[in-house]
Amino acid sequence: MDSQAIIEGLKRYNIPHERIAEVIGRDRTAATKLVNGKRSVKVNEVAALEALIAEYEMEAGDTTIIRRAERLTEQFEDGLLGDYVSVEVLPTHAGMGAGGTADGDRRKTLLPRSLVEGELKASPGDLLVIEVRGTSMVPDFRQGDQILIDRRDRDPKQGGPFAIFDGDTYILKNVEVLPGPEGKMRVFSTNPIFSDWFPADGEAHIEGRPVWYARRL
């Protein structure tokens, strides 16, 4: 981001001046001057301010990738973007730790038709875009990743990572079916510090498998 984009981001999310001052290591007056355009953004402050804006973006469910794609949706609906298809976005995060509730209005975003129909051999209704938060699936997935879920692939016998709804929240975890006639599932994290979960029958509903993701560098 350049200096102007950083200031616009700070204003867009109404980030408290105290938080700005904290990350740049200055007092509140310096932060206020920065937001009001009376002080320039220093080179050594750029990374910290970008991270702060990204934090508030994620809290608002308003990440850059989704915002850019949603701005294209109007053009898509007017038939101007034939190279894209409209895919549903989970309105909240999926947790890698504590889960997201999915409360809120469902949104749409645009993905390349070549990815959806060409590479994945899917229709838009087969897919769901989720944003993940937490550290339980590190290093496979990281906080802020935008993950494309294939809702056709829900068979836990294949094992691996899945988006799961536990009746209250959405989570992203690894799943395996344990040996034995009961077919019980083990739900576990890639990060070994997190505990396993052995859901009762009907307690965990598999929403689909991750097939693609985008990540902020």
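Looking for whichever is farther than 27 Å from Val87 by Cα, outside the structural domain of Glu55 (by TED's automatic domain parsing), surrounded by fewer than 17 Cβ atoms within 10 Å (Cβ to Cβ) and among the charged types (D, E, K, R) here; the options are Glu119, Glu176. Which one fits?
Working: Glu119 fails: farther than 27 Å from Val87 by Cα.
The match here is Glu176.
Quick check on the range 43-52. Is at least one of its residues β-branched (Val, Ile, Thr), within 18 Å of the chain's Cα centre (by Cα) and at pLDDT below 90?
no
For the range 12-27, what are the residues that are more than 17 Å from Ala54 (Cβ to Cβ) and either in contact with a Ser or Thr (Cβ under 8 Å, 6 or more places away or on another chain) or surrounded by 14 or more Cβ atoms within 10 Å (Cβ to Cβ) (or both)?
His17, Ala21, Arg26
Yes or no, residue by residue, for (1) in the same structural domain as Ala94 (by TED's automatic domain parsing); (2) part of a strand (DSSP E or B); (3) on the phi > 0 side of the Ramachandran plot; (4) crowded, with 16+ Cβ neighbours inside 10 Å:
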residue: Leu111; (1), (2), (3), (4): yes, yes, no, yes
residue: Gly180; (1), (2), (3), (4): yes, no, yes, no
residue: Val187; (1), (2), (3), (4): yes, yes, no, yes
residue: Pro192; (1), (2), (3), (4): yes, no, no, no
residue: Gly202; (1), (2), (3), (4): yes, no, yes, no
residue: Arg209; (1), (2), (3), (4): yes, yes, no, yes
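Of the conditions (1) closer than 30 Å to Tyr84 by Cα; (2) in a strand (DSSP E or B); (3) in contact with a Lys or Arg (Cβ under 8 Å, 6 or more places away or on another chain); (4) of a type in the set (A, V, I, L, M, F, W, C), Ile147 fails just one. Which one is it?
(3)
May I ask you to list pairs of residues, at least six apart or on different chains, whose Cβ atoms are under 8 Å apart, with the first in the range 26-41 being outside any helix (DSSP H, G or I) and the second being among the basic types (Lys, Arg) and surrounded by 11 or more Cβ atoms within 10 Å (Cβ to Cβ)?
That search, which allows pairs on different chains as well, returns Arg39/Lys33.
The values are calculated or read from the model by the stated rules, or taken from the named source; none is laboratory data. Everything numeric in this text was worked out from a predicted model, so none of it was measured. Glycine also receives a Cβ, built like all others from the backbone with ideal geometry; neighbour counts cover every protein chain displayed.
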